[in-house]
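The values are calculated or read from the model by the stated rules, or taken from the named source; none is laboratory data. None of these values were measured; they are calculated from a predicted model. So basically every Cβ, Gly included, is an ideal-geometry build from the backbone, and we count neighbours across all protein chains shown. Areas reflect the complete protein model, heavy atoms only, side chains present, ligands, DNA and RNA absent. Shrake-Rupley method; radii C 1.70, N 1.55, O 1.52, S 1.80 Å.
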Amino acid sequence: MTDQSIKPAAAVGYPGNQSGEFQGWVRYQDWFEIRGLRLRPRRPTDVVIRNLAAQACYTLVPNVADLSTTHHDKARSPGHGAMGVVVEVGSQVRRVKVGDRVVTPVLPSCGTCYSCVRGEWHACGHKNDLDFATQEAPPFAELEDGTPVWQDHTGGFAELAVCDESWVVPVFDSPLSNVELASLACVPGPGWSFALFGMPVEIASKVAVLGCGALGLSIIQAAKMMGAQLIIAVERIPHRMEAAKRAGAHIVLDADEYGAGVVKKIQELCGPDTPNMAAGGKPSVGFYHGRGADHIYEAAGKTIGDPTTGKPADTTGSAALGYGYQATRRGGTFVHTGWIERTNDPQWWPGSPGPFDYEGKKYLSASYGGANVLRDIPRLAKLIEMGYLDAKSLCDPVMPFEKGDQALWHSLNRDSMLPIITYDE
């Protein structure tokens, strides 16, 4: 098929004149703005992508919020959730060719490292390619005055991105729009993957999702697709609570109303169908009671800055993590998806369960939901195409590249779903 949104590479001055000149958002010292850039030399396994759409993911908002956790020591072009078209491949690249539509997700999948050959794709060794993981990683571009600029993760907030081929997933002739494909790079893609691949929801099981941003909503969509009999959503922001109902949640609990009592409420809602252990039941009382959700997904995370909507009492994100573990039934699965601050505050984190833990709970915290992105991103794209998953409802607002800073403010304030920036004219 022909995608009219894919423009000639020369539209950004590359590679037609071989100068590698382009525009991109750059964060350095006390400024964040669009600057002129020029590519640095590429490596044999590098792929140059002309970005077409990218996520303004919540983890990128420190670029507009002047926080102590923001690193200003190097000039960086942010982003880690994008899609685009390949405009150059290194001499050793075999996965893609010039002209391919690709997704550059938050996780690589090389297929040959120690973890990948053991099926632990979420632990692919190429995750160490990132500058903040390996300080010797080279800059991908430079400012007009020669100042080196590092690509923060896989890029997306610049017209061009340079990624090792292990970070590049071809989607070939997918009929999905650029925005829908960008949803697969981060946030919704990992959410769907947690519930479908990493820690899959069992048929007719009881599920609770703590936090209903785009990540939590994608988990709810997947849980519905997998046939969960009960889906409980926990959220405090009104527009997200309504979105959770539309996504498939059967019960929506107000996080502010219940507080720590949400644990008991989930346990009540997810009690065993029968106490008769001779007929597949579990006791509903006692130290080893069977109350609690079969699957709980924490999708709240920490709070950055001072959002205009839904600021919780616990800004570290640890409360949802603690509540989720406690509300998971014995033998159930608990998934931690969010980005939280470290804390030992017993008000939010109850600590270890005791000297002996016979709960048998299974736990997962994995990049991109524990999926194999090379295998699973094309499969997720098919599920969107077939109508099982709804990417469009999660991607809002869609804004031009020039308003990338405003898109990040929307993420910080949590007044929309998942902002997407596009490079379409």
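Ranking 75, 23, 358 by Cα position along the charge dipole of the chain, where only Lys, Arg, Asp and Glu carry charges on their C-beta atoms, puts 358 farthest toward the positive end. The dipole here belongs to the chain: it is taken about the Cα centre, uses +1 on the Cβ of Lys and Arg and -1 on the Cβ of Asp and Glu, and is about 1240 debye. Based on C-alpha pairs under 8 angstrom that are at least 6 apart in sequence, segment 98-197 has a relative contact order of 34 percent. Once you divide the Cα radius of gyration of the chain by 2.2 N^0.38 Å, the number left is 1.00. Potential lengthening of the chain between residue 313 and residue 287 amounts to 6.4 nm, from the contour at 0.36 nm per residue minus the alpha-carbon distance. With the convex hull built on the Cα atoms of segment 151-304, state its orientation-averaged projected area in nm². So the Cα hull casts an average projection of 12.5 nm². Is the shape of segment 91-162 best called rounded, prolate or oblate, per the rule: a/c under 1.5 gives rounded, else a/b larger than b/c gives prolate, else oblate, with a ≥ b ≥ c the square roots of the Cα gyration tensor eigenvalues? Oblate shape, in that a/c is at least 1.5 and b/c is the bigger or equal ratio. Quick one: with all protein chains in place, what share of the accessible area of the chain is carbon or sulfur, to the nearest percent (1.4 Å probe)? Here it works out to 51 percent.
For the chain, relative contact order (Cα pairs under 8 Å, six or more residues apart, normalised by length) works out to 18 percent.
Per residue, the chain exposes an accessible area of 42 Å² to a 1.4 Å probe, with every protein chain left in place. Here, segment 315-407 has an Rg and a Dmax of 18.4, 55 Å when only alpha carbons are counted.
Using r as the Cβ-Cβ distance of residue 145 and residue 403, and R0 as 41 Å, what FRET efficiency do you calculate, to the nearest 0.05? After rounding to 0.05, the efficiency reads 0.95. Using equal-weight Cα scatterers in the Debye expression, the normalised intensity of segment 276-345 in log10 at q = 0.13, 0.14, 0.21 Å⁻¹ is -0.49, -0.54, -0.88.
Here the 3J(HN,Hα) profile of segment 112-117, calculated from phi with Karplus coefficients 6.51, -1.76 and 1.60 at θ = phi - 60°, is 10, 6, 3, 6, 4, 5 Hz, Gly and Pro shown as x. Using the Cβ-Cβ distance between residue 388 and residue 112 with R0 set to 22 Å, the FRET efficiency from 1/(1 + (r/R0)^6) comes to roughly 0.10. If only the Cβ of Lys and Arg carry +1 and only the Cβ of Asp and Glu carry -1, the dipole of segment 79-176 around its Cα centre is close to 580 debye.
Taking 4 °C and 1.567 mPa s as conditions, segment 126-205 diffuses translationally at an estimated 84 µm²/s according to Stokes-Einstein applied to its Kirkwood radius (Cα pairs). Projecting the Cα atoms of 62, 167, 412 onto the charge dipole of the chain (Cβ charges, centred on the Cα centre) puts 167 farthest toward the positive pole. The residue among 318, 261, 344 whose Cα reaches farthest toward the positive pole of the charge dipole of the chain, with charges on the beta-carbon of Lys, Arg, Asp and Glu, is 261.
Here the peptides 151-163, 185-197, 369-381, 168-180 are ranked by packing, the mean other Cβ count within 10 Å, and the order with the highest first is 185-197, 151-163, 369-381, 168-180. A cut-off of 5 Å between modelled amide H atoms, ignoring neighbours fewer than 5 places along the same chain, links residue 52 with 83, 84, 85.
Debye calculation, C-alpha points only, no solvent: report log10 I(q)/I(0) for segment 186-229 at q = 0.16, 0.32, 0.33 Å⁻¹, in the same order as the q values. Computed log10 I(q)/I(0) values: -0.32, -1.16, -1.21.
Remark on segment 363-418: Rg and Dmax equal 14.6, 41 Å (Cα only). Overall, segment 309-425 carries a charge dipole of about 600 debye about its Cα centre when +1 sits on the Cβ of Lys and Arg and -1 on the Cβ of Asp and Glu, all other atoms neutral. In segment 229-352, the alpha-carbon atoms span a convex hull of 112 Å³ per residue. With a cut-off of 11 Å between beta carbons, the residues surrounding residue 413 carry a summed charge of 0, where Lys and Arg count +1 and Asp and Glu -1.
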